[in-house]
1. Is at least one residue of region 140-153 in contact with an Asp or Glu (Cβ under 7 Å, 6 or more places away or on another chain) and touching a residue at least 24 places away in the same chain (Cβ under 8 Å)?
2. Which one of the conditions (1) in contact with a helix residue (DSSP H, G or I) (Cβ under 9 Å, 6 or more places away or on another chain); (2) under 18 Å from VAL77 (Cα atoms); (3) among the hydrophobic types (A, V, I, L, M, F, W, C) does ALA98 fail to meet, given that it meets all the rest?
3. Looking for something within 25 Å of ILE95 (Cα to Cα) and of a type in the set (Phe, Trp, Tyr) - is there at least one such residue anywhere in region 136-147?
4. I'm told ASN117 meets every condition in (1) in a helix (DSSP H, G or I); (2) touching a strand residue (DSSP E or B) at 6+ places or on another chain (Cβ under 9 Å); (3) of a type outside the set (A, V, I, L, M, F, W, C) except one. Can you identify the failing condition by its number?
5. Counting just the residues of region 12-49 that are part of a loop (DSSP other than H, G, I, E, B) and of a type in the set (Lys, Arg), which one comes out surrounded by the most Cβ atoms within 10 Å (Cβ to Cβ)?
6. Would you confirm, using the coordinates I've provided, whether LEU147 is more than 26 Å from SER176 (Cβ to Cβ), within 17 Å of the chain's Cα centre (by Cα) and not in a helix (DSSP H, G or I)?
7. Please verify whether ILE91 is among the aliphatic types (A, V, I, L, M), surrounded by 18 or more Cβ atoms within 10 Å (Cβ to Cβ), out of contact with any Gly (no Cβ under 9 Å at 6 or more places or on another chain) and not in a strand (DSSP E or B), treating the condition exactly as stated.
8. Among the residues of region 179-199, how many are modelled with pLDDT of 95 or more and within 21 Å of the chain's Cα centre (by Cα)?
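The values are calculated or read from the model by the stated rules, or taken from the named source; none is laboratory data. Just so it is clear, the model here is predicted, and its values are computed rather than measured. Positions of Cβ are backbone-derived with ideal geometry, glycine not excepted, and every protein chain shown enters the neighbour counts.
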Amino acid sequence: MPASLGSEVLSNYDFLDFGASAGGSLEFGRGRLGGTRGLGIDIDAQKLQLMRAAGYECVQGDVTKLALPADSVRFVVMSHLLEHLSGLADIQAAISSAARVASDFLFIRGPYFDADNYLESLGLRLYWSHWTGHTYHIGVTELALVLTRLGLSDHLILLSGPIPDSSHPAVHPLASPIDQHEYDPGAHSPKPLVQFDRPVFQELVCFARLRPFSGWAQLVTPEKEGRHVFAETP
């Protein structure tokens, strides 16, 4: 833990962003989640440079090894972080640290991996399931088990961005190379058109409440427009 992240410093912030990358989730924390002033934490020095150049406040740190003062901020954001960790032990360590430092809630967001085996049986995959940097494909059930193990049973896991068939640009044929983004018919192998007979989504989103507080119901209410249109976990 950086020596600068003691209680006196954290008293200047009401939320932290674990694995803050370029800082986009700090904006999300101020907007959608109702934060006032956030501090980004990332292990990558280049990401810190990007954040500082964009005007964000940040420090370097390994979120799996932080020992932060308890109840120092209202909430912690972990957006597209967990899939970059090495396994469930590191995931549990990061969530445990977040639950210690936050007083109100945790917000977790990441790619949807639960359809990987199903899509592979069809000769397809979601491009984020074939990324070098995604070292652990945590699913909905695994995340729920980790949260329950940590005593965070008051949580809500939601799914975002339904993908009804293989025409969606997130879907690739298995023949596509590693580390691709959206499907491009001019650059990638042909793929069959398949209507999916089970739910496939783009993201999972989780809210974990640490204590009763006003505003919880409004926080977890799905937005009607924009990127974050949530549907309850089937």
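1. Taking every residue of region 140-153 in turn, at least one turns out to be in contact with an Asp or Glu (Cβ under 7 Å, 6 or more places away or on another chain) and touching a residue at least 24 places away in the same chain (Cβ under 8 Å).
2. (1)
3. At the first step, the residues of region 136-147 found to be within 25 Å of ILE95 (Cα to Cα) are 136-147.
Checking the rest, the ones that are also of a type in the set (Phe, Trp, Tyr) come to 136.
Yes.
4. Going through (1) in a helix (DSSP H, G or I); (2) touching a strand residue (DSSP E or B) at 6+ places or on another chain (Cβ under 9 Å); (3) of a type outside the set (A, V, I, L, M, F, W, C) one by one, ASN117 breaks only (2).
5. In this case the residue turns out to be ARG32.
6. Details: more than 26 Å from SER176 (Cβ to Cβ): yes; within 17 Å of the chain's Cα centre (by Cα): yes; not in a helix (DSSP H, G or I): no.
Against the criterion (more than 26 Å from SER176 (Cβ to Cβ), within 17 Å of the chain's Cα centre (by Cα) and not in a helix (DSSP H, G or I)), LEU147 does not qualify.
7. In short, yes.
8. Total satisfying the criteria: 4.
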